[in-house]
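The values are calculated or read from the model by the stated rules, or taken from the named source; none is laboratory data. Bear in mind that the values here come from a model prediction, so they are computed numbers and not experimental data. Surface areas here come from the heavy atoms of the whole protein model, side chains and all, with no ligands, DNA or RNA. Shrake-Rupley method; radii C 1.70, N 1.55, O 1.52, S 1.80 Å.
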Amino acid sequence: MPEARRGRSDGYAPNTVTAVLDALADPRRREIIDVMARSGQATATTLAAEVDVSRQAIAKHLGVLADAGLVASARQGREVLYVLRPAPLEATARWMKDAAAVWDRRLDALKRAAEES
């Protein structure tokens with residue numbers, strides 16, 4: 001499996017990949033990401049109405065997503081507006097694609113070896 005090290009030219013760092021995978025392990029957070037992907041930005045109140053959990057629960061999920069770099073927040077009057085940040089998700093997708101390619105090569109080599117026997 002490809003090792004993700006800080007400073008690699010492929011654009012992913014192990015802390016980023018781990019934080020994103022941990023954040024996306026929860027189905028509610030994936031649902032929040034889906035809602036935000038459709039609207040581009042949202043408040044915790046708006047998200048609570050669409051995801052059907054309390055505003056406090058949404059705020060906690062948004063904190064985890066923010067720690068993973070997946071959302072950014074900005075105060076707008078009395079509300080806090082959250083915006084989706086796709087770069088960490090894209091870096092994680094690249095890591096997953098690279099890992100899949102390594103396994104595909106291994107499985108192809110195994111298949112060729114089995115067929116040659």
> Which ³J(HN,Hα) values in Hz, rounded to whole numbers, follow from the phi angles of the stretch 111-117 under the Karplus curve 6.51 cos²θ - 1.76 cosθ + 1.60, where θ = phi - 60° and Gly and Pro get x?
Replying inline: 4, 4, 5, 5, 6, 7, 6
> Among Gly63, Gly40, Gly77, which one shows the biggest mean-square fluctuation in a GNM of the chain, springs joining Cα atoms closer than 10 Å?
Replying inline: Gly77
>> Among Arg75, Arg94, Arg29, which one shows the highest mean-square fluctuation when the chain is modelled as a Gaussian network with alpha-carbon springs under 10 Å?
In response: Arg75
> Once the Cα atoms of helix 27-39 and of the chain are each reduced to a long axis, what angle between those two axes, in degrees from 0 to 90 to the nearest 10, is obtained?
Replying inline: 70 degrees
> Roughly how many percent of the accessible protein surface of the chain is carbon and sulfur, given a 1.4 Å probe and a whole-percent answer?
Replying inline: 52 percent
> Roughly how tilted is helix 14-24, in degrees to the nearest 10 and between 0 and 90, from the longest Cα axis of the chain?
Replying inline: 60 degrees
> Taking amide H positions as placed 1.01 Å from N in the peptide plane, with prolines and chain starts having none, which residues 5 or more places from Thr43, or on another chain, fall under 5 Å of its amide H?
Replying inline: Tyr82
>> Which residue fluctuates most in the GNM of the chain (Cα springs below 10 Å): Gln41, Gln56, Gln76?
In response: Gln76
> What is the helix-to-structure angle for 55-67, meaning the angle in degrees between its Cα long axis and the longest Cα principal axis of the chain, kept from 0 to 90 and rounded to the nearest 10?
Replying inline: 40 degrees
> Which of the following values of mean projected area of the Cα convex hull in nm² was calculated from the structure shown: (i) 8.6; (ii) 9.4; (iii) 10.8?
Replying inline: (ii)
> Val71's amide H: which non-local residues (gap 5+, or another chain) put their own amide H closer than 5 Å, with H modeled 1.01 Å from N in plane and none for Pro or chain starts?
Replying inline: Ala66, Arg85
> Tell me, what is the per residue accessible area of the chain in Å², probe radius 1.4 Å?
Replying inline: 65 Å²
